[in-house]
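Comments concern the structure below.
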Amino acid sequence: MNAEVKMMRTAAETQYSDALSALPAPEPIRALREKALRLFAEKGLPHRRVEEWKYTDLRVLLREMAPLAGKPDARAIAEANKNDVLSDIGAREITFVNGAFAAELSKLKGLEQGLRISTLADALKSDPTLPQLLAGLNPSKYDAVFALNTAALNEGVVIDIAPGAQIAKPIHIRHIVTGTSPVSVFGRAVVKVGKKAQATIVQSHAGPDAVAYQTNTILQLSVADDAELDIVRVQAEGDKAIHLSMTIAAAGAKSRFRSFALTTGAAVSRHTVPFAFAGKDIRALISGATLLRGKQHTDMTLEVDHAQPGGESRELFKTVLDDESRGVFQGLIVVRPDAQKTDGRMMSAALLLGESAEMDNKPELEIFADDVQCAHGATTGALDDDLLFYLRARGIPKKEAESLLIQSFFGEAIETIENQKIRDAVMSRASAWLAARAVK
Amino acid sequence: MALLEVKNLQARVEDKEILRGLSLAVNAGEVHAIMGPNGSGKSTLSYVLAGKSDYEVTGGTATLEGEDLLSLEPDERAAKGLFLAFQYPIEIPGVASMTFFRTAVNAVRKKRGDEELSTPDFLRFVREKAKELNIDQDMLKRPVNVGFSGGEKKRNEILQMALLEPKMCVLDETDSGLDIDALKIVAEGVNRLRAKNRGFLVITHYQRLLDHIVPDVVHVMAKGKIVRTGGPELAHELEAKGYAAYDNAA
C-alpha cells in the first residue's frame with residue numbers, strides 16, 4: 001500500500017506559488033500557466049531523493065524566492081548597456097534587462113531575408129501553434145524549473161528562420177540582470193529553424209557580483225529536417241546568483257546541431273539539456289567547458305534521446321574545479337528500440353585543482369536497440385606532476401605551467417565552436433578566468 | 001671554478017637511498033660522460049640536478065657557476081642555464097609545440113634580463129634551429145611530442161636545448177630507443193651546440209653514443225657514486241668488458 005506522504009512546503013515554494021499566481025495571465029497562455037502552477041503546487045522543488053536532482057538539492061539551495069523584478073528603469077538600461085559579454089563577435093543582439101525586453105539595447109533593424117524576430121507577446125498573436133510548443137516537448141515529465149518558467153511566462157523572444165534561409169550573422173540573446181538588490185528573473189526564448197535553413201544562436205547570461213539574484217531561463221529549439229544550427233552559451237552570472245536554465249531541443253531528420261556552453265558564473269547553477277533526436281540520421285555535438293572557483297556549485301545535466309535510426313551524438317564536457325567548488329555532470333543517452341545504428345559517445349573529464357573541490361560524474365546509457373555503438377567515459381584527476389615538471393624544466397614558472405595545462409584541458413572543448421570570432425571570444429573569457437587564478 | 005660542481009651528493013626517493021655521495025666537476029667547454037649499469041642512479045642524478053620533487057636530497061651540494069642549484073625551483077634552474085634532455089620526453093596533448101617553445105623561451109629570456117622575442121623573430125629563430133636538426137615544420141604544428149616517434153621526440157629535446165641556450169646540458173640516455181640514423185642526427189645536433197662556454201654531461205648505458213659525441217672525460221657510476229674516472233678510452237674498455245666489475249664495487 002502506498003502511503004501518501006505530504007511534504008511540508010518550503011518558504012520558497014510558498015513564495016513562488018503566491019508570486020506567480022498573482023501575475024496577470026492573458027490568453028492564449030492562461031491555461032498553460034495555470035497548469036504549470038498546479039503542477040508546481042503539487043510537486044514543488046526537487047530534492048536529493050529525486051534521482052535527477054540528487055546532487056543539486058534545490059529545496060536546500062533555494063531557501064527563498066527573491067521578489068519578482070520590476071520593469072527596468074533608465075538607470076538599469078544604462079547599467080545593462082555596459083555589459084560586454086561577447087560584445088565583439090559581430091552579432092545581432094536581442095537584449096533582456098531584468099527579464100524585460102529592452103528594444104533600445106537590441107539590434108533588430110535590417111533583418112535578413114527569412115529571419116523573423118518577435119517578442120513572445122507579438123508572436124502569440126500571430127502564431128496559434130506557439131502555446132503548444134511553449135508547453136514543452138515532453139509534457140508528461142515534471143521539471144520544477146520548466147514548471148516555474150511556464151507559470152511565469154510573460155517576456156520572451158521568438159526567432160523564426162524560414163526554410164532555406166542561411167543566416168550568417170550570429171544572433172545573440174543577452175540576459176542581463178542589474179541593480180543591487182536580489183530579484184527573480186524569468187525568460188523564454190524560442191528558435192525555430194526551417195528546413196535546410198542555417199543559423200548561429202548565442203545566448204549569454206550576466207549580472208552583478210555580490211547580489212543574490214535568481215534567474216530562470218529556457219531556450220527552446222525546434223530544428224527542421226536538413227537544417228543546421230550552432231548554439232553557443234555563456235553563463236557569466238554574478239558570484240552570488242542562482243541560475244536555473246534549460247536548453248530544450250528537438251531535431252529533425254538529417255539536421256546538424258552543434259552546441260557549446262561556457263560556464264563560469266553563479267553561486268549555484270543548473271543547466272539541463274533535454275535533446276530529442278526526433279528524425280533519422282541526425283548529427284549532434286554537445287560540448288562545454290565549466291570553470292569553477294570558491295564555493296560554486298554547477299550542475300550540467302544532459303538527456304540525449306535517440307528515437308530514430310542513424311543518429312550520431314558526441315558529448316564532450318570539461319570541468320575545472322578550483323578551491324572548494326563542486327561540479328556535477330549527469331549525462332544520459334537513451335537509445336529507443338527504433339534507433340538502430342545509433343552512434344553515441346559521451347565524455348566528461350574533470351580537473352581538480354582545489355584540495356576540497358568535488359566532482360560528481362554520472363554517465364548513463366539506456367539502450368533498447370541492438371545494433372548500436374555507444375560509449376561513455378568519465379575521468380577526474382589532478383594536474384599531472386610529470387607534465388608540470390617537464391614544463392618547469394624548460395623554464396616555465398609553476399603558475400604559468402599550470403595555466404598552460406589547464407588551458408589545454410578545456411581548450412579541447414572550446415575548439416569545437418565552429419565560428420572563429422565566437423571561439424576566440426569564448427577562449428579569451430576562459431583565459432581571463434585563468435589569469436585571475438594565476439595572480440591569486 | 002667548475003661550471004657544474006657536485007660534491008658528496010646524496011638523495012633518496014621515498015625510503016630508498018639512490019645517490020650515496022656522488023662528486024664530479026664539469027668545466028665550461030668540456031663534455032663528460034657518465035656510464036654505468038642499470039639501477040646505478042644515473043637518471044636519478046639528472047632528475048635531482050633538474051629539481052624533480054619526487055627526490056629528496058639528504059646531503060651534499062650542487063652548484064652552477066658557484067651558485068647553489070638545490071635550493072632553486074626547476075624553472076629557476078632552467079633560467080640559470082641548466083638543461084635536462086629527458087630520457088622519456090613527455091607528451092602534452094592540447095599544448096601546441098610553438099606555444100610551448102615561445103612560453104619557455106620568453107620565460108627564460110625574461111629571467112635572464114633579455115628582451116622577449118617578437119613573434120616574427122621567434123618564428124625565424126625556431127625555423128632555423130629546426131632545419132639544422134632536420135625537424136619537419138609539420139612537427140612544430142602538432143601538440144608537444146604527441147604522436148612523435150622515438151627519434152622525433154629526442155630531436156625535439158635537442159631543439160629545445162638549442163632554443164633555450166643553456167650553459168650546462170644534461171642528456172639522460174638520449175640514445176635510448178634510437179636507430180643509428182636518428183642517433184647520428186641527434187649527435188650532430190649536440191656537437192653543433194658544443195661551445196667553450198658550455199658544458200655537457202652525457203648519461204648513457206652504451207658506448208655507441210660516445211662514438212658520435214666524443215667526451216673529454218668518462219665517469220663510471222655504480223651504486224649511487226662515481227667509482228672511476230678516465231678519458232674516452234674508458235668507454236671502450238667498458239664496452240669490451242661490461243659492467244660486471246662494477247656491480248660489486250663501492
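Taken together, the values in this text are just the output of simple stated rules run on the coordinates, not laboratory data. For clarity, every value in this text was computed on a predicted model and none was experimentally measured. Positions of Cβ are backbone-derived with ideal geometry, glycine not excepted, and every protein chain shown enters the neighbour counts.
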> Tell me, what ³J(HN,Hα) does each residue in segment A:258-265 have, in order and in whole Hz, if you take phi through Karplus 6.51 cos²θ - 1.76 cosθ + 1.60 with θ = phi - 60° and put x for Gly and Pro?
Replying inline: 10, 9, 9, 10, 9, 10, 10, x
> Listing A:W53, A:W433 from the residue with the fewest other Cβ atoms within 10 Å to the one with the most, what is the order?
Replying inline: A:W433, A:W53
> For A:R116 and A:Q420, what is the calculated FRET efficiency with R₀ set at 35 Å and r taken between the beta-carbons, to the nearest 0.05?
Replying inline: 0.80
> Among rounded, prolate and oblate, which fits segment A:80-217 when a ≥ b ≥ c are the square roots of the eigenvalues of its C-alpha gyration tensor, a/c under 1.5 means rounded, and a/b larger than b/c means prolate?
Replying inline: oblate
>> If the only charges are +1 at each Lys and Arg Cβ and -1 at each Asp and Glu Cβ, what is the size of the charge dipole of segment A:11-438 around the Cα centre, to the nearest 20 debye?
In response: 780
> Taking neighbour Cβ counts within 10 Å as the exposure measure, how do B:M168, A:M347 sort from fewest upward?
Replying inline: A:M347, B:M168
>> Can you tell me the length gained on complete extension of the stretch A:A22 to A:E104, counting 0.36 nm per residue apart and subtracting the Cα distance?
In response: 26.6 nm
> Antiparallel DSSP bridges in segment A:232-349: what percent, to the nearest 5?
Replying inline: 0
> What are the lysines whose alpha-carbon lies under 27 Å from the alpha-carbon of B:K110, with same-chain residues fewer than 8 places away excluded?
Replying inline: A:K398, A:K399, A:K440, B:K52, B:K80, B:K129, B:K131, B:K141, B:K153, B:K154, B:K167, B:K196
> Given only helices, namely DSSP H runs of n ≥ 4 each adding -39500 (n - 2.57), what is the per-residue ellipticity at 222 nm of chain A, to the nearest 500 deg cm²/dmol?
Replying inline: -7000 deg cm²/dmol
>> If amide hydrogens are placed 1.01 Å from N in the peptide plane, which non-local residues have theirs closer than 5 Å to the one on A:A100?
In response: none
> What is the sum of charges around A:F257, taking Lys and Arg as +1, Asp and Glu as -1, for the other residues whose C-beta is under 9 Å from the C-beta of A:F257?
Replying inline: +1
>> How would A:T215, A:T129, A:T272 line up from fewest to most surrounding beta-carbon atoms within 10 angstrom?
In response: A:T129, A:T272, A:T215
> Among residues other than A:E324 whose Cβ falls under 12 Å from its Cβ, what is the net charge (Lys/Arg +1, Asp/Glu -1)?
Replying inline: -1
> Peptide B:45-54: average number of partner chain Cβ atoms within 10 Å per residue?
Replying inline: 2
> Amide H of A:A261: which non-local residues (sequence gap of 5 or more, or other chain) have their own amide H closer than 5 Å, using H built in the peptide plane?
Replying inline: A:R233, A:S287, A:G288, A:A289
>> Through the Karplus equation 6.51 cos²θ - 1.76 cosθ + 1.60, θ set to phi - 60°, convert the phi angles of segment A:402-415 into ³J(HN,Hα) values in whole Hz; use x for Gly and Pro.
In response: 4, 4, 4, 6, 5, 4, 5, 5, 7, x, 4, 6, 5, 4
> What are the lysines whose alpha-carbon lies under 29 Å from the alpha-carbon of A:K141, with same-chain residues fewer than 8 places away excluded?
Replying inline: A:K6, A:K35, A:K43, A:K54, A:K125, A:K192, A:K195, A:K254, A:K280, A:K318, A:K341, A:K362
> Highest GNM mean-square fluctuation, chain B, Cα pairs closer than 10 Å: which of B:E115, B:E17, B:E56?
Replying inline: B:E115
> Which whole number gives the average count of other chain Cβ atoms within 10 Å of the Cβ atoms across peptide B:155-166?
Replying inline: 1
> Average partner chain C-beta neighbours within 10 Å, per residue of B:61-74?
Replying inline: 1
> Between B:E65 and A:K196, what FRET efficiency follows from the Cβ-Cβ distance if R0 is 51 Å, with the result rounded to 0.05?
Replying inline: 0.15
>> For the ranges A:232-241, B:45-54, what's the packing order if you count other beta-carbon atoms within 10 Å of each residue, average per peptide, and put the highest first?
In response: A:232-241, B:45-54
> Could you give the distance between the Cα centres of segment A:340-373 and segment A:7-56, to the whole Å?
Replying inline: 30
> What is the local net charge at A:L229, summed over the other residues whose Cβ is closer than 14 Å to its Cβ (Lys, Arg +1; Asp, Glu -1)?
Replying inline: +2
> Relative to a virtual label point 7 Å from the Cα of A:R30 in the Cα→beta-carbon direction, which members of segment A:150-169 show backbone nitrogen distances below 11 Å?
Replying inline: none
>> Please list, ordered by chain and number, the residues whose modelled amide H lies under 5 Å from the amide H of A:D299; skip anything fewer than 5 residues away on the same chain.
In response: A:S269, A:R270, A:H271, A:V328
> So how much slack lies between A:K399 and A:S356, counting 0.36 nm per residue of separation and subtracting their Cα-Cα distance, in nm?
Replying inline: 13.6 nm
> In segment A:11-438, what % of DSSP beta bridges are antiparallel (nearest 5)?
Replying inline: 5
